[in-house]
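Here's the structure we're looking at; comments come further down.
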Amino acid sequence: MAITLPIPAEANEYLTRSPLALLIGMTLDQQIPLEKAFSSPWVLGQRLGHEPTAQEIAEFDPDALVEIFATPPALHRFPKAMAARVQEVCLVIVDRYDGDTAALWAGAGSGAELLRRVQALPGFGKQKAQILVALLGKQYGVQPDGWREAAGGYGEVGSHRSVADIVDDASLGKVREYKKQMKAAAKAPKA
């Protein structure tokens, strides 16, 4: 299935065909709009002049990577921290999966195992890991037994809670409304 986020077509195409781009987008998807997070892997490739591998990013000079992330417009509002985080994630992919990002999910025998693998990545707490499991299941066809349960509410059919559910403008609007409701509920005074 092709990714259809509200970002440039080339960025969607890159996310669709590159497991590393998808993983970098998910890594960056915090404290910035999802459009920025998921278009940044494509911009990173543009700045490098080619599509990077996990091995290349893992071995990149950390200061040079920060500079690439910080070049205006920055790839994230916290370019130093997120360049380091992306590099840490790539190090795990190199160390545990021989640099093959898709092996992170391809060999998972169950949804629970997939969730454990994703949660083992730097910066992937339970919620972020569940969103990635849902995204893989709903849009990439990665559906080991129990993946919906492992994804929690993000795996529910017809839910509109995260990037996993965005396939058009209408679904984007529903996800934004859900997030708005969650923020309002979090700010509401406790009884």
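The values are calculated or read from the model by the stated rules, or taken from the named source; none is laboratory data. Quantities reported herein were computed from a predicted structural model and do not represent experimental measurements. In this analysis, Cβ positions are derived from the backbone assuming ideal geometry, glycine residues included, and neighbour counts consider all displayed protein chains. The protein model used for the area step is the full one, side chains on, heavy atoms only, and it has no ligands, DNA or RNA in it. Shrake-Rupley method; radii C 1.70, N 1.55, O 1.52, S 1.80 Å.
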Checklist outcome for this item: Within region 145-154, the residues that are in a loop (DSSP other than H, G, I, E, B) and open to solvent by 20 Å² or more (accessible area, probe 1.4 Å) are D145, G146
Next on the checklist: Which residue is farthest from I131 (Cα to Cα), if the candidates are limited to region 155-172 and must be part of a helix (DSSP H, G or I) and of a type in the set (A, V, I, L, M, F, W, C)?
Outcome noted: A170
Checklist entry - Within the set of pairs 6+ apart or on separate chains, which have a first residue in region 172-190 that is more than 17 Å from Y154 (Cβ to Cβ) and among the aliphatic types (A, V, I, L, M), a second that is assigned to a helix (DSSP H, G or I) and open to solvent by less than 100 Å² (accessible area, probe 1.4 Å), and C-beta atoms under 9 Å apart? => result none
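Could you tell me how many of the residues in region 101-120 are in contact with a helix residue (DSSP H, G or I) (Cβ under 8 Å, 6 or more places away or on another chain), assigned to a loop (DSSP other than H, G, I, E, B) and without any contact (Cβ under 8 Å) to a residue 60 or more places away in the chain?
The number of residues fulfilling the criteria is 3.
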Item to check | All positions within region 2-18 that are surrounded by fewer than 20 Cβ atoms within 10 Å (Cβ to Cβ), in a helix (DSSP H, G or I) and not aliphatic (A, V, I, L, M) | outcome: E10, N12, E13, T16, R17
Checklist entry - If you check V157 against the conditions, is it free of Cβ contacts under 8 Å to residues at least 24 places away in the same chain, aliphatic (A, V, I, L, M) and open to solvent by 90 Å² or more (accessible area, probe 1.4 Å)? => result yes
Checklist entry - Residues in region 160-191 that are open to solvent by less than 30 Å² (accessible area, probe 1.4 Å) and either among the hydroxyl-bearing types (S, T, Y) or over 17 Å from the mean Cα position of the chain (by Cα) (or both): how many? => result 2
